[in-house]
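**Student:** Dumping the structure here so I can ask a few things about it.
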Number of protein chains: 2
Amino acid sequence: MNSDQRPIGVFDSGIGGLSVLKHLVRMMPNERFVYLGDTARVPYGNKSAETIQLYARQCSAFLLQHNVKMIVVACNTASAIALDMLQQNTTVPVLGVITPAAREAVDRSRSGVIGVIGTRVTISTNAYGLAMFHYAGRRHIDVHSTACPLFVPLVEEGLLMHQATKLIAMDYVAPLQANGIDTLVLGCTHYPLLSPLLHDLMPSVTLVDCGECTARSAKAILEDRGALSDSLELHDTYFYITDNTPSFVSLAGRFLGTIVRDPVRVAVDHLVTTDL
Amino acid sequence: MNSDQRPIGVFDSGIGGLSVLKHLVRMMPNERFVYLGDTARVPYGNKSAETIQLYARQCSAFLLQHNVKMIVVACNTASAIALDMLQQNTTVPVLGVITPAAREAVDRSRSGVIGVIGTRVTISTNAYGLAMFHYAGRRHIDVHSTACPLFVPLVEEGLLMHQATKLIAMDYVAPLQANGIDTLVLGCTHYPLLSPLLHDLMPSVTLVDCGECTARSAKAILEDRGALSDSLELHDTYFYITDNTPSFVSLAGRFLGTIVRDPVRVAVDHLVTTDL
């Protein structure tokens, strides 16, 4: 059996991608990971498509300089806006978070009535809807999407079960509930932290975590290519951030489940796109 | 009497500074203004001091290239972190939003027990407290500050009177009320939009709008220098933004009170610090 000891590259606009990394590490504990959080330019969700594509190219080029065997775009906005472009310009597999979650949602929904929540940019691209319709083929599905722009700041402030968060969440999901969804895609890497609250609001709805689906998909692709590491050691993650934001280390544990040790700052000025 | 027809430069990390510009235009209707919103890198409040200073220098240099007679730093974070540096390196007057509001708060408070709310970075610098103590001199004042990080996204989502905003605001201001403040500085350019809600919560507390105070101060400085425009025409504002973010134009009206016409994009790559 083949193997590949090179690390897996993961990038996000900031901290949310750590909720994807969490599942990647859990499912592939013998892999090495290089994580880049573009904290100097977070959030991507309020930037133009052109700017998001430039940033995604720079992040990917940085990871390729670290000799990664795969790039995981652990950010829904960048996956929605920049994935095709990255895949066309990169020799290693580039995996976004949208396709894996879209497929699992279609497979897990019995009624075919599926909800998607995400940032305003992610929802406006309809990337989840398109991926689901493509995968469902001739099966009839019904997709209802809504943007939940306040969920990211509420999660970052730790108001995971606050009454205010509940009131805002009720406003957001009311139209989805009215449409009778049985499955809801958490289409933003911050949202899994709201799973308990969302489950309370909609106990009969299946919640689909894009990070968990993506990690499963990443492992399957590497397995298929004979490119998993055969190391017997528990491997480590190297963290890079583009700005030493005070909140990164304090919030990181909430997303990753373990402490982020010693993130290394890499200045935005040093990010280039020449390798891509 | 002398006069100066050059425009007044105003910059902010994005849209909040428009609530300052609103008062500048109202008080000096015959002036021309050049407004730069650094929308490609908003928000500044979660960046490191080093990064905020770099961005503030680049914004100021851009305004100086437009031959401005004064720079108004219409952003509390940049005022707290970068004002001294800008003032030391610039020949035109550079005015931040903190000193004007701090002075008015001290003057308007009867009890001397004053509250300050702002973003996490602004509050962590204690810039308002220092400015107030400096101005109060030997008068005893008592300053209580608290960060309200969710107010910016709540305002940008237009939840100005939503029950969730009320619940979050009650959490934020409870310790200030417990300390018996009679005056509250709205130390973030987004917060004036929450004045009605905050007034409902604390009807006996005087709210101090940093933008209004800064505009008054800017006019006084220009008057003192004989540098107001003597044009009899109603002058205009030129808007520049570093990214064409979809929300800028749609939100701008809420902050400025009138429509923002045709903002011109200036790429971040074209911002330099050589003039500063």
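The values are calculated or read from the model by the stated rules, or taken from the named source; none is laboratory data. Please read these numbers as outputs of a predicted model, since none were measured by experiment. Positions of Cβ are backbone-derived with ideal geometry, glycine not excepted, and every protein chain shown enters the neighbour counts.
**Student:** Of everything in the stretch A:60-74, what is in contact with a helix residue (DSSP H, G or I) (Cβ under 8 Å, 6 or more places away or on another chain) and of a type outside the set (D, E, K, R)? Give them in sequence order. Spell out how you get there, then give the answer.
**Tutor:** First, the residues of the stretch A:60-74 that are in contact with a helix residue (DSSP H, G or I) (Cβ under 8 Å, 6 or more places away or on another chain): A:60, A:69-74.
Matches in the stretch A:60-74: A:Ser60, A:Met70, A:Ile71, A:Val72, A:Val73, A:Ala74.
**Student:** For the stretch A:203-230, how many residues meet the condition of being aliphatic (A, V, I, L, M) and in a helix (DSSP H, G or I)?
**Tutor:** Taking the stretch A:203-230 as the starting set, the residues that turn out to be aliphatic (A, V, I, L, M) are A:205, A:207-208, A:215, A:218, A:220-222, A:227-228.
Filter once more, so that each one left must be in a helix (DSSP H, G or I): A:215, A:218, A:220-222.
Residues meeting the conditions: 5.
**Student:** On to the next question. Specify which of the listed residues (B:Pro196, B:Pro153) is in contact with a Leu (Cβ under 6 Å, 6 or more places away or on another chain) and not assigned by TED's automatic domain parsing to the domain that holds B:Asn76.
**Tutor:** Values: B:Pro196 fails: in contact with a Leu (Cβ under 6 Å, 6 or more places away or on another chain).
So the residue among B:Pro196, B:Pro153 that is in contact with a Leu (Cβ under 6 Å, 6 or more places away or on another chain) and not assigned by TED's automatic domain parsing to the domain that holds B:Asn76 is B:Pro153.
**Student:** I would also like to ask the following. For the stretch B:75-87, which positions are farther than 20 Å from B:Ile15 by Cα and touching a helix residue (DSSP H, G or I) at 6+ places or on another chain (Cβ under 7 Å)?
**Tutor:** At the first step, the residues of the stretch B:75-87 found to be farther than 20 Å from B:Ile15 by Cα are B:84-87.
Correct list: B:Met85, B:Leu86.
**Student:** If we scan the stretch A:51-60, do we find a residue that is free of Cβ contacts under 8 Å to residues at least 24 places away in the same chain and polar (S, T, N, Q)?
**Tutor:** yes
**Student:** Is the stretch A:122-129 home to any residue that is under 24 Å from B:Lys166 (Cβ atoms) and within 14 Å of chain B (Cβ to nearest Cβ)?
**Tutor:** No, that holds for no residue.
**Student:** Looking at A:Asp171, A:Asp200, can you tell me which residue is closer than 21 Å to B:Ser247 by Cβ, not in a loop (DSSP other than H, G, I, E, B) and not aliphatic (A, V, I, L, M)? Give the steps one after another, and end with the answer.
**Tutor:** On the way: A:Asp200 fails: closer than 21 Å to B:Ser247 by Cβ.
Unique residue meeting the criteria: A:Asp171.
**Student:** So, one more: Does the stretch A:34-50 hold any residues that are more than 9 Å from every other protein chain (Cβ to nearest Cβ) and either within 15 Å of A:Val73 (Cα to Cα) or surrounded by 24 or more Cβ atoms within 10 Å (Cβ to Cβ) (or both), and which are they? Before you say what the answer is, go through the steps one by one.
**Tutor:** The first filter runs over the stretch A:34-50 and keeps only residues more than 9 Å from every other protein chain (Cβ to nearest Cβ), leaving A:34-38, A:44-45, A:49.
Selection gives A:Val34, A:Tyr35, A:Leu36, A:Gly37, A:Asp38, A:Tyr44, A:Gly45.
**Student:** Is there a residue being out of contact with any strand residue (DSSP E or B) (no Cβ under 9 Å at 6 or more places or on another chain) and outside any loop (DSSP other than H, G, I, E, B) anywhere in the stretch A:24-31? Steps first, answer last, please.
**Tutor:** In the first step, residues of the stretch A:24-31 are kept if they are out of contact with any strand residue (DSSP E or B) (no Cβ under 9 Å at 6 or more places or on another chain); the result is A:26-27, A:29-30.
Keeping just the survivors that are outside any loop (DSSP other than H, G, I, E, B) gives A:26-27.
Yes: one or more hits.
**Student:** Next question, about the same structure. A:Asp107 - would you say it is without any contact (Cβ under 8 Å) to a residue 60 or more places away in the chain, in the same structural domain as A:Thr206 (by TED's automatic domain parsing) and in contact with a strand residue (DSSP E or B) (Cβ under 6 Å, 6 or more places away or on another chain)? Step through it out loud before you land on a result.
**Tutor:** Details: without any contact (Cβ under 8 Å) to a residue 60 or more places away in the chain: yes; in the same structural domain as A:Thr206 (by TED's automatic domain parsing): yes; in contact with a strand residue (DSSP E or B) (Cβ under 6 Å, 6 or more places away or on another chain): no.
Taking the combined requirement at face value, the residue does not satisfy it.
**Student:** Assuming B:Ser109 fulfils every condition listed in (1) crowded, with 24+ Cβ neighbours inside 10 Å; (2) within 14 Å of chain A (Cβ to nearest Cβ); (3) not hydrophobic (A, V, I, L, M, F, W, C) apart from one, which condition is it?
**Tutor:** Result: B:Ser109 fails condition (2) only.
**Student:** So A:Ser229 clears everything in (1) modelled with pLDDT of 90 or more; (2) in contact with a Gly (Cβ under 6 Å, 6 or more places away or on another chain) except one condition, right? Which one?
**Tutor:** Evaluating A:Ser229 over (1) modelled with pLDDT of 90 or more; (2) in contact with a Gly (Cβ under 6 Å, 6 or more places away or on another chain) leaves (2) as the failure.
**Student:** Right, here's the next one. Within the stretch B:206-236, count every residue that is touching a helix residue (DSSP H, G or I) at 6+ places or on another chain (Cβ under 7 Å) and either in contact (Cβ under 8 Å) with a residue 40 or more places away in the chain or surrounded by fewer than 16 Cβ atoms within 10 Å (Cβ to Cβ) (or both).
**Tutor:** In the first step, residues of the stretch B:206-236 are kept if they are touching a helix residue (DSSP H, G or I) at 6+ places or on another chain (Cβ under 7 Å); the result is B:206-219, B:228.
If we keep only those that are either in contact (Cβ under 8 Å) with a residue 40 or more places away in the chain or surrounded by fewer than 16 Cβ atoms within 10 Å (Cβ to Cβ) (or both) as well, we get B:206, B:208-219, B:228.
Residues flagged as touching a helix residue (DSSP H, G or I) at 6+ places or on another chain (Cβ under 7 Å) and either in contact (Cβ under 8 Å) with a residue 40 or more places away in the chain or surrounded by fewer than 16 Cβ atoms within 10 Å (Cβ to Cβ) (or both) within the stretch B:206-236 amount to 14.
**Student:** Another question, if that's okay. So, in the stretch A:174-197, of the ones that are assigned to a loop (DSSP other than H, G, I, E, B) and not charged (D, E, K, R), which residue ends up nearest to A:Asn30 (Cα to Cα)? It would help to see each step written out before you state the result.
**Tutor:** Narrowing the stretch A:174-197 to residues assigned to a loop (DSSP other than H, G, I, E, B): A:179-182, A:187-190.
If we keep only those that are not charged (D, E, K, R) too, we end up with A:179-181, A:187-190.
Values: A:Asn179: 43, A:Gly180: 42, A:Ile181: 38, A:Gly187: 27, A:Cys188: 26, A:Thr189: 23, A:His190: 25 Å.
Out of the qualifying residues, it is A:Thr189.
**Student:** A:Thr206 - would you say it is polar (S, T, N, Q) and under 25 Å from A:Ser3 (Cβ atoms)?
**Tutor:** Working: polar (S, T, N, Q): yes; under 25 Å from A:Ser3 (Cβ atoms): no.
Judged against the criteria, A:Thr206 is not a match.
**Student:** I've got another one for you. So B:Ala174 clears everything in (1) at pLDDT 95 or above; (2) buried (at least 16 other Cβ atoms within 10 Å of the Cβ) except one condition, right? Which one?
**Tutor:** Condition (2) is where B:Ala174 drops out.
**Student:** Would you point out the residue of the stretch A:180-205, among those that are touching a residue at least 40 places away in the same chain (Cβ under 8 Å) and among the polar types (S, T, N, Q), that is surrounded by the fewest Cβ atoms within 10 Å (Cβ to Cβ)? Break it down stepwise before answering.
**Tutor:** Here is the first cut: in the stretch A:180-205, the residues touching a residue at least 40 places away in the same chain (Cβ under 8 Å) are A:180-194, A:205.
Now narrow it down to the ones that are among the polar types (S, T, N, Q): A:183, A:189.
On the way: A:Thr183: 22, A:Thr189: 33.
Filtering first and then ranking leaves A:Thr183.
**Student:** Does the stretch B:66-79 hold any residues that are more than 19 Å from B:Ser229 (Cα to Cα) and either of a type in the set (S, T, N, Q) or within 14 Å of another protein chain (Cβ to nearest Cβ) (or both), and which are they? Walk me through how you get there before you give the answer.
**Tutor:** Step one: of the stretch B:66-79, the residues more than 19 Å from B:Ser229 (Cα to Cα) are B:73-79.
Passing the criteria: B:Asn76, B:Thr77, B:Ser79.
**Student:** Of the residues in the stretch B:1-14, how many are in contact with a helix residue (DSSP H, G or I) (Cβ under 6 Å, 6 or more places away or on another chain) and over 14 Å from B:Ala78 (Cα atoms)? Walk me through how you get there before you give the answer.
**Tutor:** First, the residues of the stretch B:1-14 that are in contact with a helix residue (DSSP H, G or I) (Cβ under 6 Å, 6 or more places away or on another chain): B:9-11.
So of that shortlist, the ones also over 14 Å from B:Ala78 (Cα atoms) come out as B:9.
Number of matching residues: 1.
**Student:** Tally the residues that are out of contact with any Gly (no Cβ under 9 Å at 6 or more places or on another chain) and crowded, with 24+ Cβ neighbours inside 10 Å, restricting the search to the stretch A:1-15. Before the answer, list the steps.
**Tutor:** Pass one, the stretch A:1-15, residues out of contact with any Gly (no Cβ under 9 Å at 6 or more places or on another chain): A:5-9.
Filter once more, so that each one left must be crowded, with 24+ Cβ neighbours inside 10 Å: A:8-9.
Number of matching residues: 2.
**Student:** On to the next question. Report, by residue number, each residue of the stretch A:248-276 that is surrounded by 15 or more Cβ atoms within 10 Å (Cβ to Cβ) and in a helix (DSSP H, G or I).
**Tutor:** If the condition is that a residue be surrounded by 15 or more Cβ atoms within 10 Å (Cβ to Cβ) and in a helix (DSSP H, G or I), then A:Phe248, A:Val249, A:Leu251, A:Ala252, A:Arg254, A:Phe255, A:Leu256, A:Val268 are the ones that fit.
**Student:** Contact list please: Cβ distance under 6 Å, first residue in the stretch B:159-175 and at the interface with chain A (Cβ under 8 Å from one of its Cβ atoms), second residue outside any helix (DSSP H, G or I), pairs at least six apart or on different chains.
**Tutor:** B:Thr165/B:Leu159; B:Ile168/B:Leu150
**Student:** Please go through the stretch A:237-253 and give me each residue that is touching a residue at least 12 places away in the same chain (Cβ under 8 Å) and away from chain B (no Cβ under 13 Å), ordered by number. Please lay out each step first, then the result.
**Tutor:** Start the filter on the stretch A:237-253 by keeping residues that are touching a residue at least 12 places away in the same chain (Cβ under 8 Å), which leaves A:237-245, A:247-249, A:251-252.
Selection gives A:Thr237, A:Tyr238, A:Phe239, A:Tyr240, A:Ala252.
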